[in-house]
Amino acid sequence: MATFDVLDPASHVVVGTAPDGTVVDAVAAVDAAAAAFPGWAATAPRVRAEVLRKAYDLMVADTDRLAALISAENGKSQADARAEVAYAAEFFRWFSEEAVRSEGDYSTAPSTGARTLVTHQPVGVAALATPWNFPAAMATRKIAPALAAGCTVVLKPAMETPLTAIAVADLLREAGVPDGVVTLVTTTDAPAVVTAWLEDERVRKVSFTGSTPVGRTLMKQAADRVVNASMELGGNAPFVVTADADLDAAVAGAMIAKFRNGGQACTAANRFYVHVDVVDEFVARFGKAVEALRVGPAADPANEIGPLISERAAEGVRALVRDAVAAGARIAHEGEAPDGGWYVAPTVLVDVAPDAAILQQEIFGPVAPVVTWENEEDMLRLVNDNDYGLAAYLFAGRLQDALRLAERIEAGMVGINRGLVSDPSAPFGGVKQSGVGREGAREGLREFQETRYFSVDLST
Ligand code: NAD
C-alpha cells in the first residue's frame, strides 16, 4: 500500500510513515466493523468495561513512549504531551466505569396504565474523525464511549498525526479489543474516506472533532441518510476579568487557558476582556509571565511551547497580529522564539479594536489580544457577539457575580476562576456553531446509544 510521510513540526524531519488509505480501505474498515458489531454489542458490559480499564492501565504505563510520539508528530512540549496522555487515558477509565451503569427505566403511562420500559442500545457502526491538536485524547474521547456503549468504530485521524492513533489502536488490541471493533484508516484524502463512510448504509453514527467549516460539510452529508451526528467544532473563547478578580489567579488561569499546546486548542482563550480598573496591572503581570515562556523544540524538556503545526498555520497567526497592529493594536509584551521554522513568539496585544479580525476568528496560536471594558452590559454584548460558543473563562471576586455573568455567556463550558475546563467526567461541548452533542461524562455515552422503549399492556 502507498504510504505518506509524517513530519516533526520542529525539525521538519520525517519521523514516520503511515498507510495512505483509499475508499477501498474505508469500505473494508466498515466491513470489519459491521461484522464485529453484533458480537461486541452482545458482550457483557462488565467485559467491555474491563477491556477499557486494561487500555487505561496500558496507556498510563506507556506514557513515556506515547508522549514522545505525540511531541514528535505534533510538536507540543513534553509537559503538554504527558498531560495529554494522562487526559486521553482517563477517558478509558471513566468509560470503563460508565459501561456498567447504563440504566433504563420502568414506569406506568399516566393515561393508559401501560407499562413503559426504557432502554439504551448501541447505535451501531460509528465513523470517527479527529484533528491533529490532541491526537491521542480526541481519539480516546470518542473510542472509549463508543466501545462502552457496544458500538464498533472506524477512525480516521488527521494526516498530520496518524502515528499516535496507530499506537492507540495497537494498545487497544493488546487490551483485548476483538478484531473489527476498532479499525483505523489513515489517509491523505480525508474527504474521500469520510464520504465513503457517510454514504455507507451500515454506518449509523458520525462523531467529528475539527473545524466548523468541515463540520458543517459533514452535517450536510450526514443529512442525506439522516445519520446521527455529534460535532465538536471550533471555538473562540472569551476570558473575562472583573475589577475585583484575584489577579494572580487570573494570570495563572490565563497562562493555561491561552498557552497550553501553544494556543492550539479549541478551548484556548482567544480574546481577553479585562476591566479598565485592573487592565494595566493584569497586562503587566501577564506580560511578565508570557515573556518568561520558553519556546523551542520538544526535544528540550525545559521548553514549554513548541512550533505551530505548519508553516501555513504560523503565517496565519502572524498575519492576524500584523493586521491587528495595522488597525491600531500595540504589542505590549513579546516572548522569544527560535528564528525560522514554524514558531510564533508568545505575544500580548493591547488597544485591540473590538471589531478586529483577531477577535472574531480562532487564532490557534500563542497570541493574547486584550480588550478593556467598563460596563458589564457592553462587555457581555462583545463576548456574545460571535458565532462560536465552546469554552469561556471568567475571573471574578464574588461567586454570585461569577455565576450571574456565566449564565449570560453563550458557551457550552465556562471555567470560573480556573483556566481549564476539559475533564473526562464533565460534558464537553459547545453551543452555537461550536457544535452539537457532548463528549465525556454520562452524556458522552448517550451519544453512542439509541434510546428505545417498549410499551406493554399488562391487562390482556
Ligand atoms: P479540520 O477540520 O481541518 O480537520 C479535522 C479532521 O477532519 C481531520 O481528520 C481532517 O483530515 C478531516 N477533514 C478535513 N477536511 C475534511 C473533509 N472535507 N471531509 C472529511 N474530513 C475532513 O481541523 P484541524 O485543523 O485538524 O483541527 C483544528 C480545528 O479543530 C479547530 O477549529 C479546533 O477548534 C477544532 N477542535 C475542536 C475540538 C472540540 O472538541 N470542539 C477539539 C479539538 C479541535
Fill in the blank from the handout: Note on segment 294-360: the mean projected area of its alpha-carbon convex hull, in nm², is 4.8
Fill in the blank from the handout: The ³J(HN,Hα) series, computed from each phi in segment 68-82 with the Karplus coefficients 6.51, -1.76 and 1.60 at θ = phi - 60°, rounded to the nearest Hz and given as x for glycine or proline, is 5, 5, 4, 4, 5, 9, 9, x, 5, 5, 4, 5, 5, 5, 5
Problem - Whole-Hz ³J(HN,Hα) from phi, Karplus 6.51 cos²θ - 1.76 cosθ + 1.60, for segment 49-56, glycine and proline x - result: 4, 6, 5, 5, 5, 5, 4, 4
Practice task
Leaving ligands, DNA and RNA out of it, work out the accessible area of residue 453 with a 1.4 Å probe and give it in Å² to the nearest 10.
Solution key: 150
Completion exercise
Given backbone amide H placed at 1.01 Å from N, residues whose amide H is under 5 Å from that of residue 273, ignoring those fewer than 5 places away on the same chain, are 239, 240, 241, 371
Problem - Karplus-derived 3J(HN,Hα), 6.51/-1.76/1.60, for each residue of segment 36-44, Hz, glycine and proline x - result: 7, 4, x, x, 5, 4, 8, 5, 4
Handout entry: Segment residue 41-residue 451, length gained on full extension (0.36 nm per residue, minus Cα span)
Key = 146.1 nm
Handout entry: Accessible area (Å², per residue) of segment 237-423, counting only protein heavy atoms and a probe of 1.4 Å
Key = 41
Practice task
Check cross-link reach from residue 142 to the lysines: straight Cα distance under 22 Å, and skip same-chain residues fewer than eight apart.
Solution key: 54, 76, 156, 205, 220, 432
Handout entry: Carbon and sulfur %, accessible surface of segment 252-359 computed with the full protein complex present, 1.4 Å
Key = 52
Exercise for the section: Mind ranking 126-136, 169-179, 112-122 by how tightly packed they are, going by the mean number of other C-beta atoms within 10 angstrom, highest first? Expected result: 126-136, 169-179, 112-122
Fill in the blank from the handout: Tilt, helix 162-175 to longest principal axis of the chain (alpha-carbon atoms), in degrees rounded to tens, equals 40
Practice task
Determine the percent antiparallel among the DSSP beta bridges restricted to the chain, to the nearest 5.
Solution key: 40
Fill in the blank from the handout: Plugging the Cβ-Cβ distance of residue 61 and residue 377 into 1/(1 + (r/R0)^6) at R0 = 51 Å yields, to the nearest 0.05, a FRET efficiency of 0.45
Fill in the blank from the handout: Helix-only [θ] at 222 nm, the chain, -39500 (n - 2.57) per DSSP H run of 4+, per residue, nearest 500, equals -13000 deg cm²/dmol
Practice task
For helix 212-225, report the angle its Cα long axis makes with the longest principal axis of the Cα atoms of the chain; keep it between 0 and 90° and round to the nearest 10°.
Solution key: 20
Completion exercise
If unit charges are put on Cβ atoms (+1 for Lys and Arg, -1 for Asp and Glu) and the dipole of segment 345-460 is taken about its Cα centre, the option from 445, 361, 379 lying farthest towards the positive end turns out to be 445
Problem - Cα-based equivalent ellipsoid, segment 205-316: semi-axes from gyration tensor eigenvalues, Å - result: 34, 21, 11
Problem - Solvent exposure, largest accessible area first (probe 1.4 Å, DNA, RNA and ligands not counted), of 310, 459 - result: 459, 310
Problem - Fraction of accessible area attributable to carbon and sulfur, segment 1-133 (%, probe 1.4 Å) - result: 57
Handout entry: Residue-level accessible surface for residue 266, protein heavy atoms, 1.4 Å, Å²
Key = 30
Completion exercise
Rounded to two decimals, the Rg over Rh value of segment 1-99 from Cα coordinates and the Kirkwood Rh reads 1.07
Problem - Tilt relative to the chain, helix 137-149 - C-alpha long axis, 0 to 90 degrees, to 10 - result: 20
Exercise for the section: Could you tell me the largest-minus-smallest coordinate of the C-alpha atoms of segment 166-267 on each of the three principal axes, in descending order and whole angstroms? Expected result: 56, 37, 24
Handout entry: 14 Å cut-off, amide nitrogen to a point 7 angstrom out along residue 31 Cα→Cβ, residues in segment 161-203
Key = 180
Fill in the blank from the handout: Classified through the alpha carbon gyration tensor (a ≥ b ≥ c as square roots of its eigenvalues; rounded if a/c is under 1.5, else prolate when a/b is larger than b/c, else oblate), segment 46-87 comes out prolate
Problem - Relative intensity, log₁₀ I(q)/I(0), of segment 322-460 from a Debye sum that treats every alpha carbon as a point, q = 0.12, 0.19, 0.22 Å⁻¹ - result: -0.66, -1.25, -1.40
Exercise for the section: Please state, rounded to one decimal and in Å, the Kirkwood hydrodynamic radius that segment 237-423 gives when every pair of distinct Cα atoms enters the mean of 1/r. Expected result: 16.3
Practice task
Quote the charge dipole size of the chain about the Cα centre in Debye, to the nearest 20; the model charges only the Cβ of Lys and Arg (+1) and of Asp and Glu (-1).
Solution key: 1100
Problem - Heavy atoms of residue 77: accessible area, 1.4 Å probe, square angstrom to 10 - result: 0
Practice task
Compare the peptides 187-194, 221-228, 48-55 by average per-residue count of other Cβ atoms within 10 angstrom and give them in order, highest first.
Solution key: 48-55, 187-194, 221-228
Exercise for the section: Can you tell me what the convex hull of the Cα atoms of the chain projects to on average, as an area in nm²? Expected result: 23.6
Exercise for the section: Among the GluC sites (Glu not before Pro) in segment 346-376, which ones are in a DSSP loop with at most 13 other Cβ atoms within 10 Å of the Cβ? Mind listing them? Expected result: 374
Fill in the blank from the handout: To the nearest 0.05, the calculated FRET efficiency linking residue 211 and residue 117 through their beta-carbon distance, R0 being 25 Å, is 0.05
Exercise for the section: Just grab the label-to-label distance for residue 5 and residue 199, each label 7 Å out from Cα along the Cβ direction, in nm (one decimal). Expected result: 3.2
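The values are calculated or read from the model by the stated rules, or taken from the named source; none is laboratory data. Given the structure is predicted, the values throughout are model-derived calculations rather than measurements. Cβ coordinates were reconstructed from backbone atoms using ideal geometry, including for glycine residues, and neighbour counts include every protein chain displayed. These area figures cover heavy atoms from the full protein model, side chains too; ligands, DNA and RNA do not enter into them. Shrake-Rupley method; radii C 1.70, N 1.55, O 1.52, S 1.80 Å.
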